[in-house]
Amino acid sequence: MAGESELELPAFAELRIAVVGHAVADRYVYARPERLSREAPVPVFVESGEEVRPGGAANVAANLAALGCRVELYAPIGDDPVGRGLRRELERRGVGVPIDDACAAYRVPVKTRVLAAEPHRTPQQVLRIDRPPTEAPSAAGIARLADELARADVDAVLYSDYGYFDLAAYVAADRVLRERRVVRVLDPRLAPGPFERLDALTPNLDDFEAALASGGAATDRDAGDLAARAGRAREHFCVRDLLVTLGNRGMLLASGDGAWHVPPTGRDGVVDVSGAGDTAAAVFTAAIALGRSAPVAMALANAAAGDVVMISGTVPVDLERLRAAWPAAPKARALQRSVELDAASRPDGGEL
């Protein structure tokens, strides 16, 4: 494994990856403040434009396409104006989206963010309004998507679970993919449930604590404690690798050869963390699908996530910026038992 991190970026264009889960429409409304309202003590904003960007599983797919992977999104989108707009945007970015008339009545979740600023100022988010689905997609529609997934010729599948509806209908297809030795990764909101012997889980710290961990909450800074609990969760759920994203403290990995940590990139001047977890899951999955070790895949995911948080809104990774940032990006180090997370970037273990 020595020297692996010094290689050029993996050849992501070789990969065929399926994304399964909950597509979300991230809607951005841009406005400028005009005056205080006479009706209530609130500001009045004048709308200047709007756009819809892929969110949730759709953002995962957009990230993989931005890396150069061939991507198919197996997620219900629906046939309303928001769904059609999201589908067009995904297709513009090179993501394949199977059309299923049985899911036409479904309405994707919409997260509306209002960003406001005076002229020549940086827009700031002043309000967010979420519109969750009012009902789950049809069972027939999900069954058709699952059947297509089972027949897909792919190198990896990434399940992006945002908790809007149960993904259990995809389990039979997942077993077929497992028999074909397809790399299988779950970015979970909840415990893996019926999915068995996945190659990796990629929760953020909050979801790890809520759904996967045991033994009480970890201390804020004790990486040894968190690593031990991640190791127990990895064994309990029978996964090869468990990657926990830690926000401004980087990422932690529990794997078969021990625990690893990588400090954050983009620490100063973070603009927007929206979608960074999607980016991390996408890059980690693509890297291990190409045979990179999990610690190196974590460092790549960390570098990519550190890039997207420097840009406003939900955006996919930029391959050229990642290529430029990778040589100097922090690399994974093996963790010792009594290490604080903020100090884990110091020479406390072997760098890859």
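Some observations on this one:
- Residue match in the stretch 105-119 (condition: more than 29 Å from Leu167 (Cα to Cα), in a loop (DSSP other than H, G, I, E, B), in contact (Cβ under 8 Å) with a residue 24 or more places away in the chain and not hydrophobic (A, V, I, L, M, F, W, C)): yes
- Top-ranked residue of the stretch 37-57 - restricted to ones that are outside any strand (DSSP E or B) and farther than 15 Å from Leu167 by Cβ, ranked as most open to solvent (accessible area, probe 1.4 Å): Arg38
- Residue check for Glu34: surrounded by fewer than 21 Cβ atoms within 10 Å (Cβ to Cβ), farther than 26 Å from Asp318 by Cα and without any contact (Cβ under 8 Å) to a residue 40 or more places away in the chain: yes
- If you go through the stretch 105-127 and keep only what is open to solvent by 60 Å² or more (accessible area, probe 1.4 Å) and in contact with an Asp or Glu (Cβ under 7 Å, 6 or more places away or on another chain), you end up with just Arg107.
- Residue match in the stretch 260-282 (condition: polar (S, T, N, Q), modelled with pLDDT of 90 or more and either buried (at least 24 other Cβ atoms within 10 Å of the Cβ) or within 21 Å of the chain's Cα centre (by Cα) (or both)): yes
- Checklist (1) under 22 Å from the mean Cα position of the chain (by Cα); (2) of a type in the set (Phe, Trp, Tyr); (3) closer than 28 Å to Ala169 by Cβ applied to Tyr106, failing item: (1)
- Cβ-Cβ contacts under 7 Å between residues 6 or more apart (or on different chains), taken from a first residue in the stretch 74-95 that is touching a residue at least 60 places away in the same chain (Cβ under 8 Å) to a second residue that is among the hydroxyl-bearing types (Ser, Thr, Tyr) and open to solvent by less than 20 Å² (accessible area, probe 1.4 Å), are listed as Pro76/Tyr106.
- Test: Gly231 is at pLDDT below 90 and either touching a Gly at 6+ places or on another chain (Cβ under 6 Å) or in a helix (DSSP H, G or I) (or both): no
- Residue within the stretch 148-161 that is of a type in the set (Lys, Arg) and either within 17 Å of Val60 (Cα to Cα) or touching a residue at least 24 places away in the same chain (Cβ under 8 Å) (or both) present: no
- Checked against (1) within 23 Å of Val244 (Cα to Cα); (2) touching a residue at least 40 places away in the same chain (Cβ under 8 Å); (3) not in a loop (DSSP other than H, G, I, E, B); (4) not basic (Lys, Arg), Asp174 meets all criteria but (2).
- Hits in the stretch 295-339 - residues which are of a type in the set (Ser, Thr, Tyr) and surrounded by 24 or more Cβ atoms within 10 Å (Cβ to Cβ): Thr314
- The stretch 170-190, residues that are buried (at least 18 other Cβ atoms within 10 Å of the Cβ) and not aromatic (Phe, Trp, Tyr): Ala173, Asp174, Leu177, Val182, Val183, Arg184, Val185, Leu186, Asp187, Pro188, Arg189
- Index of the failed condition, Leu246 passing every other in (1) open to solvent by less than 20 Å² (accessible area, probe 1.4 Å); (2) touching a Ser or Thr at 6+ places or on another chain (Cβ under 7 Å): (2)
- Counting the residues of the stretch 153-166 that are of a type in the set (A, V, I, L, M, F, W, C), in a loop (DSSP other than H, G, I, E, B) and modelled with pLDDT of 95 or more gives 1.
- Qualifying residues in the stretch 233-243 (those that are in contact (Cβ under 8 Å) with a residue 40 or more places away in the chain and open to solvent by less than 40 Å² (accessible area, probe 1.4 Å)) - the one nearest to the chain's Cα centre (by Cα): Leu243
- Filtering the stretch 60-81 to residues that are in a helix (DSSP H, G or I) and within 16 Å of the chain's Cα centre (by Cα) leaves Val60, Ala61, Ala62, Asn63, Leu64, Ala65, Ala66, Leu67.
- Put simply, of Asp79, Asp130 the only residue that is open to solvent by 30 Å² or more (accessible area, probe 1.4 Å) and at pLDDT 95 or above is Asp130.
The values are calculated or read from the model by the stated rules, or taken from the named source; none is laboratory data. Since the structure is predicted, the reported quantities are computational estimates derived from the model, not experimental observations. Every residue, glycine among them, receives a Cβ derived from its backbone with ideal geometry; neighbour counts consider all protein chains shown. When the accessible area is computed, the model is the full protein with side chains, heavy atoms only, and any ligands, DNA or RNA have been set aside. Shrake-Rupley method; radii C 1.70, N 1.55, O 1.52, S 1.80 Å.
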